[in-house]
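Okay, structure first, notes after.
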Amino acid sequence: MSALRGSTGAAGGATTDRPDQPDRPALVLRGLAKSFVDVQAVDGVDLEVRQGEFVTLLGPSGSGKTTTLRMIAGFTRQSAGTIEIDGVDMTHVPPHRRDVGMIFQNYALFPHLTAAQNIAFPLEMRRATRSEIKRRVAEALALVKLEGLGSRYPRQLSGGQQQRIAFARAVVFHPRLLLMDEPLGALDKKLREALQLEVMHISRQLGATVIYVTHDQEEALVMSDRIAIFSRGRIEQLGRGEDLYDRPVSLFVADFIGESNILRGRFERDGEGGWLARGNLRWRVAAAQEDRAALSDGSAAAIVVRPERLRIVGLNDPAVAAPGVNAVEASVRDALYLGSIRKYELMLPDGQAATVRRQVGGGEREWQSGDRVGLIWAVNDAVLVADPNG
Amino acid sequence: MTDSWRQPHRLLLVALGALTVFFLLAPTLVVVPMSFTASNSLTFPPEGFSTRWYEKMVTDPQWSTGFVNSAKVAFLTAVLATALGTLAALGTVRGRFPGRNGLQLLILSPLIVPVIIIAIGMFSVFVRWKLAGSIAGLVLAHTALAMPFVVVNVATSLRTVDRNLELAAQSLGAGPVRTFRRITLPLILPGVMAGGLFAFITSWDEVVVSIFLTSARFRTLPVEMWEQVRQVVDPTVAAVATTLLAVTTTILLLALVVRRQAPAR
């Protein structure tokens, strides 16, 4: 089956005219695990990726995302679990028969071959005809906007150009999956941002299914349809960027994606939701939050509020006592002007810090360092999570 | 300040280096003028100038067959040692298996074990196997001696080849054999060729094992020299030595040049 697919690809089939049922997942991981001699690198990963979807594996180094990718590519054999690509079990399929395009952080262009020969390589392996190879290499070079550089050797190309060639080489044979291992990690910020959009656009244009590994949360948010947050060999949370940002399931996710204010305390349940208590401070927790977090009464918990969801008001402002609002007295330690936003660093009565970001030009009052203020947020804007360190 | 004491210090170092080089090279280079002597005996300094010993070397069938035999054995050894040594380097550098370090040591052992011990061991075994005195036997023996040089050279090259290149080739549809032929081999070729040249030299001037494994009907050049020096001390030996030296030096320089052709990175 996989050999057949390889040859249809080489014969000029576009990604769109595949004979597959369109609703079959492109990739299914079930209970995937990998243990090395002394560590459990991947510890039971389940993931289903739709055809044409862009899924990012995001996590700190050592969280198992790269090992997962290498198992999908076939470079590392899993210790347990299964990998299915287009409905076919890949357990005993060697990497060269998986029909998977891989892009490495260091590009891994063949230094003894020109850019065009690099791109031609997968087509030659699939025994495409000479004219076919010539046509498709030209197409691929045009796709990455490097027409005319085909005769250069990798060392004669800039980092960004090398990564474009690596990309062209990985997509030219229309693989069933496109795997990328921190492909933009070695580039400077500006180029990285430009290439993020380019990689995203071209992948969509080709209808490619992409599994993308990065530790850069911004990159993940920009590019992905869905993001899988990895922590200690497991997927901590899987979802769209908005889901992860607005409804993190754990302190780890809240902390990893975006900036967070984390208020720790004890959870106290009551009829309609509950409270987070911390010393003599108490904040309301919405019933929906309580349901989701499923915490027992009295357990260590935290509420997470994004800096832009916090508001600063005067101490006597009526908003402080409004229903559905949590409030706490605070003092402004730093008021920072950052162009489009103002950033305030506040201190709560118990010494904990909080960060507030407000748009400039919204007609809001401007606060100064040393001001005594009320810090408020809507009950529904805070997320309740368990505090494993509590 | 520092220069005042460093200057004589450096001078001493240079002098010491020059002296070392002189002691190492002089005995070797002394045969070159000796080979052009006009007299009938090996003398230094040489008397007069003549190329007649070179003429004798070329015309005397004993010398010329020795020359051809040596070239044959060295060439076959180079081919065999390069092929086996490259595979051994691949296995020990890329492979992950128990006993890898032990195997590595075993492959390199001919560099450590005294040659005379190897020679005696091989002789006793090869006699039983009827390989003593044959070209095949000598090629096999020299291959064992030469393989470490190939393994060391190829392994060094291989360690500079990014493992991701091989993985990339595989993900692009190349099986292990095609990955080796199209990607790995071209990138380690300088190391392979340097290893092959070192293997050639190893066989080309090997004398101890050869003495044991050659016969009167089949002699290599160094063995022929050994025999001749023991019987008649005739300046032809110096001419042959100079020729050997020239060939070895040329190949050694070639190996250095080849090895410097680092794979394009």
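The values are calculated or read from the model by the stated rules, or taken from the named source; none is laboratory data. All values derive from a computational prediction rather than experimental measurement. Glycine gets a Cβ as well: all are built from the backbone with ideal geometry, and neighbour counts include every protein chain shown.
Observations
- Taking the numbered list (1) surrounded by 15 or more Cβ atoms within 10 Å (Cβ to Cβ); (2) modelled with pLDDT of 85 or more; (3) out of contact with any Ser or Thr (no Cβ under 6 Å at 6 or more places or on another chain) in turn, B:Phe49 passes all entries but (1).
- Selection within segment A:221-254 - of a type in the set (Val, Ile, Thr) and outside any helix (DSSP H, G or I): A:Ile227, A:Ile229, A:Ile235, A:Val249
- When B:Val21 is tested against the conditions (1) among the aliphatic types (A, V, I, L, M); (2) in a helix (DSSP H, G or I); (3) touching a Phe, Trp or Tyr at 6+ places or on another chain (Cβ under 9 Å), the lone failure is (3).
- Matching residues, segment B:145-160, being surrounded by 21 or more Cβ atoms within 10 Å (Cβ to Cβ) and within 14 Å of chain A (Cβ to nearest Cβ): B:Ser157
- If the condition is being free of Cβ contacts under 8 Å to residues at least 12 places away in the same chain and not in a loop (DSSP other than H, G, I, E, B), then segment A:109-133 contributes A:Gln117, A:Glu124, A:Arg130, A:Ser131.
- Within segment A:304-322, restricting attention to residues that are surrounded by 15 or more Cβ atoms within 10 Å (Cβ to Cβ) and assigned to a helix (DSSP H, G or I), the residue that is modelled with the lowest pLDDT is A:Val320.
- Filter pass, B:Val150 being more than 21 Å from the chain's Cα centre (by Cα) and in contact (Cβ under 8 Å) with a residue 40 or more places away in the chain: no
- Candidate set from segment B:124-139 (those that are modelled with pLDDT of 90 or more and closer than 16 Å to B:Val73 by Cβ); member that is surrounded by the most Cβ atoms within 10 Å (Cβ to Cβ): B:Leu138
- Segment A:84-116, subset polar (S, T, N, Q), modelled with pLDDT under 95 and under 12 Å from A:Gln162 (Cα atoms), residue farthest from the chain's Cα centre (by Cα): A:Asn106
- Single match in A:Val199, A:Val144 (criterion: in the same structural domain as A:Asp89 (by TED's automatic domain parsing), within 25 Å of A:Pro95 (Cα to Cα) and either in contact with a Phe, Trp or Tyr (Cβ under 9 Å, 6 or more places away or on another chain) or modelled with pLDDT under 95 (or both)): A:Val199
- Criterion (more than 11 Å from chain B (Cβ to nearest Cβ) and among the acidic types (Asp, Glu)) met by exactly one of A:Glu147, A:Glu124: A:Glu147
- Residues satisfying the stated conditions in segment A:84-108, i.e. within 14 Å of chain B (Cβ to nearest Cβ) and either aliphatic (A, V, I, L, M) or assigned to a strand (DSSP E or B) (or both): A:Ile85, A:Met90, A:Val93, A:Val100, A:Gly101, A:Met102, A:Ile103, A:Ala108
- Counting only strands (runs of 3 or more DSSP E) that sit wholly inside segment A:327-381, those with at least 2 residues that are buried (at least 19 other Cβ atoms within 10 Å of the Cβ) and of a type in the set (A, V, I, L, M) are A:353-359, A:372-378.
One line per residue, one yes/no per condition, for (1) in contact (Cβ under 8 Å) with a residue 40 or more places away in the chain; (2) of a type in the set (D, E, K, R); (3) not assigned by TED's automatic domain parsing to the domain that holds A:Leu348:
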site	(1), (2), (3)
A:Thr209	yes, no, yes
A:Gln217	yes, no, yes
A:Val222	no, no, yes
A:Ala228	yes, no, yes
A:Ser231	yes, no, yes
A:Gln237	no, no, yes
A:Glu242	no, yes, yes
A:Leu251	yes, no, yes
A:Asp270	no, yes, no
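- Among the residues of segment B:229-236, none qualifies, meaning not one is over 30 Å from B:Arg52 (Cβ atoms) and surrounded by fewer than 17 Cβ atoms within 10 Å (Cβ to Cβ).
- Residue count for segment A:204-234, restricted to those that are surrounded by fewer than 23 Cβ atoms within 10 Å (Cβ to Cβ), within 22 Å of A:Leu251 (Cβ to Cβ) and over 9 Å from the mean Cα position of the chain (by Cα): 3
- Counting only helices (runs of 4 or more DSSP H) that fall entirely inside segment B:33-124 and contain at least 3 residues that are touching a Gly at 6+ places or on another chain (Cβ under 7 Å) and under 19 Å from B:Glu206 (Cα atoms), the qualifying elements are B:61-94.
- Segment A:74-115, residues that are surrounded by fewer than 22 Cβ atoms within 10 Å (Cβ to Cβ) and among the aliphatic types (A, V, I, L, M): A:Ala80, A:Val88, A:Val93, A:Leu113
- If only residues of segment A:129-188 that are more than 16 Å from A:Pro111 (Cβ to Cβ) and aromatic (Phe, Trp, Tyr) are counted, the one that is surrounded by the fewest Cβ atoms within 10 Å (Cβ to Cβ) is A:Phe173.
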